[in-house]
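A short write-up of the structure that comes next.
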Amino acid sequence: MSGVAHILECVKKAGYKVTVQRRVIVETMAKAARPVTVAELTDELRPLLPETSQDTVYRNLRLLGELGLVVRIRSGTIYSDCFELVDERHHHLVCLGCGSVTCLPGWPINGWEPPADLVGDFRVTGYSFEVYGYCARCRRESRDK
């Protein structure tokens, strides 16, 4: 089963409909193969589904996140936060200058889970880890000013 088919099957098993918008959002994210912003997703969807608003995209991403199928990468402001499909746990470098996000697959803390004695009855559904700084382009541009 492909990643897209698996995600849509998980949506169905959780009791939600696989709407046209959900299908196209998941397919678009899979095709991008990188973290994407809501604005990027909305721009990609509009030619296919002209009525799609950013609010519709946010609602669908929120649901996919609650189901553990999408992860939100905080990049400084809500408008530049990125989202990506969950395949294997990995972490990110986030540029504070331009908001670019770079994946760090194989980061040494893969598989980490909080110790049970610290979380008690709290049910952990996910976590995120981002490293913030400035990319090479932003560092170069700041020296040029």
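Checking the stated criteria, I7 turns out to be surrounded by 15 or more Cβ atoms within 10 Å (Cβ to Cβ), modelled with pLDDT of 90 or more and within 30 Å of Y132 (Cα to Cα). One residue stands out among those in region 10-52 that are more than 12 Å from F83 (Cα to Cα), among the acidic types (D, E) and free of Cβ contacts under 8 Å to residues at least 12 places away in the same chain: the one that is surrounded by the fewest Cβ atoms within 10 Å (Cβ to Cβ), which is E51. Note on region 102-129: among residues that are part of a loop (DSSP other than H, G, I, E, B) and polar (S, T, N, Q), the one that is modelled with the lowest pLDDT is N110. In region 57-74, the count of residues that are surrounded by fewer than 16 Cβ atoms within 10 Å (Cβ to Cβ), at negative phi and at pLDDT below 80 is one or more. Of all residues in region 16-68, those satisfying the criterion of being among the hydrophobic types (A, V, I, L, M, F, W, C), touching a helix residue (DSSP H, G or I) at 6+ places or on another chain (Cβ under 9 Å) and not in a helix (DSSP H, G or I) are V18, V36, L48, L49, L67.
The values are calculated or read from the model by the stated rules, or taken from the named source; none is laboratory data. Since the structure is predicted, the reported quantities are computational estimates derived from the model, not experimental observations. Note that we place each Cβ from the backbone using ideal geometry, even for glycine, and neighbour counts take in every protein chain shown.
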